[in-house]
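Worksheet for the structure shown next.
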Amino acid sequence: MRRAMVCFILLSSAALSGQGRGRGAQPGLEPRILTFEVKPTTVKAGQPVVLVWHTENPSGVAIEPGIGPVTPRGSRQVTPTATTTYTLTIKGGPTRSVTVTVEGTASKPAVSAGTGTRSGGIPRVADGKPDLSGVYGNAGLPQGTTPPPLKPGAEKFRIVRGPNDVRGRTTLTTGNDCKPLGIPQTYITPYPFQIVQTPTFMVIVYEYPMAVRFVPLDGRAQAVDPDPSWMGTSVGRWDGDTLVIDAIGFNDKTEVHGFMHTEALHVVERFTKLENGNLQYGVTVDDPNVWETPWVIPARTFALRPELEFVSEFVCESTVDYQRLFKR
């Protein structure tokens, strides 16, 4: 018997609108550096310091040498090997520098923001496979994405946008109700996602709505008749330097780019790390109850977000009283 699982997620309107992340300039406002400091300003060799900064209305922020793009507001621990001047630069805006003195060493020349280069080659984990770990931005739905023909009688799965978007027993997840969007629909949101990889498993965290996938990489077979879930059941394998994730076990409450689907949905994703740090993504979706053939969606590229160490917490606000579920 399949188990029913219920998850209650609370979400704030500020998070839903993407506020608080400082991800872009506000029209008509000048970029400013409110603070940029180093604590402490003098250390001995081998001791760390903390850079702290706060900017307003930036279109891009970087700190050099050796750090690169950063969030508009944050802190970073560094351990300079010599007396070093760090410079914070806002794209198209002001710059500010701070110097940390490392006792007993010579000064290290400052490097202008944007001159740092990524080391050559693709990073790899202990088993030699490409390391896909990192935070990546969204890429939207590629142009030229054309669905295959619907099966006879499957027109009911086509979504016609309306005030309720109800299809039979299934209520459409529109993307603003805090419910997971499923795969591959989740990749068209304007929110980033993060991959954490080890040789034996991978965790993928999607900022909206804090949905999580666990992907074994140990060569196991796909589960047999898994319980339906929002994000499905996934297993991964390597095809050369490309990670292939096979996912089944989805519920029927999510959308696939303009169509509802059944629990027979099967998704195959291909992730390839590029030398510039970005992630190429290709996906094929198949539901024998909906489309005549598998739907091969054109590849897209997710940009690495080096200024983001982690995705942000996403909280969904709800007025539903769940206490009645726990009353005896």
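Multiply the residue gap between Thr242 and Glu275 by 0.36 nm, knock off their C-alpha separation, and tell me the result in nm, one decimal place.
Working: separation 33, 0.36 × 33 = 11.88 nm, distance 1.31 nm.
Extra length available between Thr242 and Glu275 comes to 10.6 nm.
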What number of lysine-lysine pairs in segment 134-302 show an alpha-carbon separation below 26 angstrom, given a sequence spacing of 8 or more or placement on distinct chains?
4
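Sort 87-98, 256-267 for me by packing, meaning the mean count of neighbouring Cβ atoms within 10 Å per residue, highest on top.
Numbers: 87-98: 16.8, 256-267: 19.2.
Top of the packing list down: 256-267, 87-98.
Please identify every one of the chymotrypsin sites (Phe, Trp or Tyr not before Pro) in segment 174-253 that sits in a loop by DSSP and has no more than 16 other beta carbons within 10 Å of its own beta carbon. Mind dumping the intermediate values first?
Details: sites: Tyr187, Phe193, Phe201, Tyr206, Phe214, Trp230, Trp238, Phe250; in loops: Trp230.
For chymotrypsin sites (Phe, Trp or Tyr not before Pro) across segment 174-253 that sit outside H, G, I, E and B with at most 16 neighbouring Cβ atoms in 10 Å, the list is empty.
Work out the length of the dipole vector of segment 134-302 about its Cα centre, built from +1 on the beta-carbon of each Lys and Arg and -1 on the beta-carbon of each Asp and Glu, and round it to the nearest 20 debye. Could you put the intermediate results ahead of the total?
Values: 14 positive and 18 negative charges, 64 e Å.
In debye, rounded to 20, segment 134-302 gives about 300.
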Regarding segment 31-108, what whole-number volume in Å³ per residue does the convex hull of its Cα atoms give?
67
Check the straight Cα-Cα distances from Lys39 and name the aspartates and glutamates below 17 Å, setting aside those fewer than 8 residues away within the same chain.
Glu64, Glu103
Can you tell me how much longer the chain between Lys39 and Thr79 gets when fully stretched, taken as 0.36 nm per residue apart minus their C-alpha distance, in nm with one decimal?
13.2 nm
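Report the charge-dipole magnitude of segment 31-108 in Debye, nearest 20, computed about the Cα centre from +1 at each Lys and Arg Cβ and -1 at each Asp and Glu Cβ. Each step should come with its number before you reach the end.
On the way: 8 positive and 4 negative charges, 16 e Å.
Computed about the Cα centre, the dipole is about 80 debye.
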Please sort by residue number the trypsin sites (Lys or Arg not before Pro) in segment 202-283 whose DSSP state is loop and whose Cβ has at most 16 other Cβ atoms within 10 Å.
Arg220
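The numbers here are math on the coordinates, done by the rules we state, and not lab data. This structure is a prediction, so every number in the text was calculated from the model and none was measured. Cβ coordinates were reconstructed from backbone atoms using ideal geometry, including for glycine residues, and neighbour counts include every protein chain displayed.
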